[in-house]
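Here the structure is laid out as structure tokens; the discussion comes afterwards.
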Amino acid sequence: MIQNKLKLRDLVLGFMIFLLIGSYFQQNVLLPKWSLDVDERLSSIHPDIYALNGSQLEFEYNRYVSENEVDCKKSVRIGNVGDGGWDVCVDGLYLPRQPCLVYSFGIKDDWSFDDGTVSSFNCTVRAFDPSITSLSPKRNESIYFYSEGLAGSNKNNSKHWKLRTLNSFREMFNEQNSTIDYLKIDIESYEWESMDTAVKDGSLRNVKQIGVEFHRTGTLTKEFYLDKLNTFARLHDAGFRKWRTHLNVPCGVLYSDITQGFMSICNELYYLNLLYS
């Protein structure tokens, strides 16, 4: 009987030592600092990020654009099933309720999301696209169109498109303090500067959720990834968490000299504002 108790004690003690050793190796040997959970590491701009090499940064970018951070228990697809449609979280306070407001940047010739938002939630939609100049300023009683685009500063680009910041648009409509139920951004790489400015000037503060397509273009370098990961970190610090990620396959791929492989160009990320109340 005594021998059995001693064996049981030794087994329990051995198991506890095994757990402690395993925990130590997981934290100090098996997992380097740069592979910490994305949600935890990007809660601020971690100083270790600047010590990473190019392949590690590319790994971090790829993981960020493919991992969810929070759950949305109920969602719907508004617009096309494929490209042109966007997912909307309708869970709890994130459900668009009248009077709801949607800002939709990037239309081209696809109105399925904008029309679907009106038919599903009866929201007011402000739609923007500087590449379209021949449309009526009012598509219907709920959708207003503006031949202007979103950017990180107020300017005209090389195509003579008129671009504004999100804050500038909100001021133009006297909607600085209005809730934007959904902010859709599909603007061919202008999203990076636009989001940076919107975080810094506070114009995302009362935005409930965002659907944005991030583009990976140009030459992929260590500096490129540092810049983009910092944008993601700023969004995280502003309270935005990803509830869905989607690889937009029709965008194609881009070759990376860093890892000698092909990388996705377009990733749609869906955010909820956890600081909204």
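Listed residues 202, 152, 106; which is touching a Ser or Thr at 6+ places or on another chain (Cβ under 6 Å), over 26 Å from residue 71 (Cβ atoms) and assigned by TED's automatic domain parsing to the domain that holds residue 268?
Criteria check complete, one pass: 152.
Of all residues in segment 111-156, how many are over 22 Å from residue 203 (Cα atoms), in a loop (DSSP other than H, G, I, E, B), polar (S, T, N, Q) and without any contact (Cβ under 8 Å) to a residue 24 or more places away in the chain?
4
Among the strands (runs of 3 or more DSSP E) lying completely within segment 206-277, list those that include at least 1 residues that are out of contact with any Phe, Trp or Tyr (no Cβ under 8 Å at 6 or more places or on another chain), more than 30 Å from residue 178 (Cβ to Cβ) and in contact (Cβ under 8 Å) with a residue 12 or more places away in the chain.
240-247, 261-264
Which of the following residues is over 24 Å from residue 194 (Cβ atoms), touching an Asp or Glu at 6+ places or on another chain (Cβ under 9 Å) and modelled with pLDDT under 95: 33, 108? First the steps, then the outcome.
Working: 108 fails: over 24 Å from residue 194 (Cβ atoms).
Just a single option satisfies the conditions, and that option is 33.
Sort out which residues of segment 249-264 are surrounded by 13 or more Cβ atoms within 10 Å (Cβ to Cβ), within 14 Å of residue 59 (Cα to Cα) and not small (Gly, Ala, Ser), and write them in order of number.
Once the filter is applied, which keeps residues that are surrounded by 13 or more Cβ atoms within 10 Å (Cβ to Cβ), within 14 Å of residue 59 (Cα to Cα) and not small (Gly, Ala, Ser), segment 249-264 yields 258, 259, 263.
Looking at (1) surrounded by 21 or more Cβ atoms within 10 Å (Cβ to Cβ); (2) touching an Asp or Glu at 6+ places or on another chain (Cβ under 9 Å), which is the only condition residue 204 fails?
(2)
Identify, by number, the condition in (1) part of a helix (DSSP H, G or I); (2) surrounded by fewer than 22 Cβ atoms within 10 Å (Cβ to Cβ); (3) not small (Gly, Ala, Ser) that residue 160 doesn't meet.
The number of the failed condition is (1).
The values are calculated or read from the model by the stated rules, or taken from the named source; none is laboratory data. Keep in mind that this is a model prediction, so the values were computed, not measured. For neighbour counting, all protein chains shown are included, and Cβ atoms are generated from backbone atoms with ideal geometry for every residue, glycine included.
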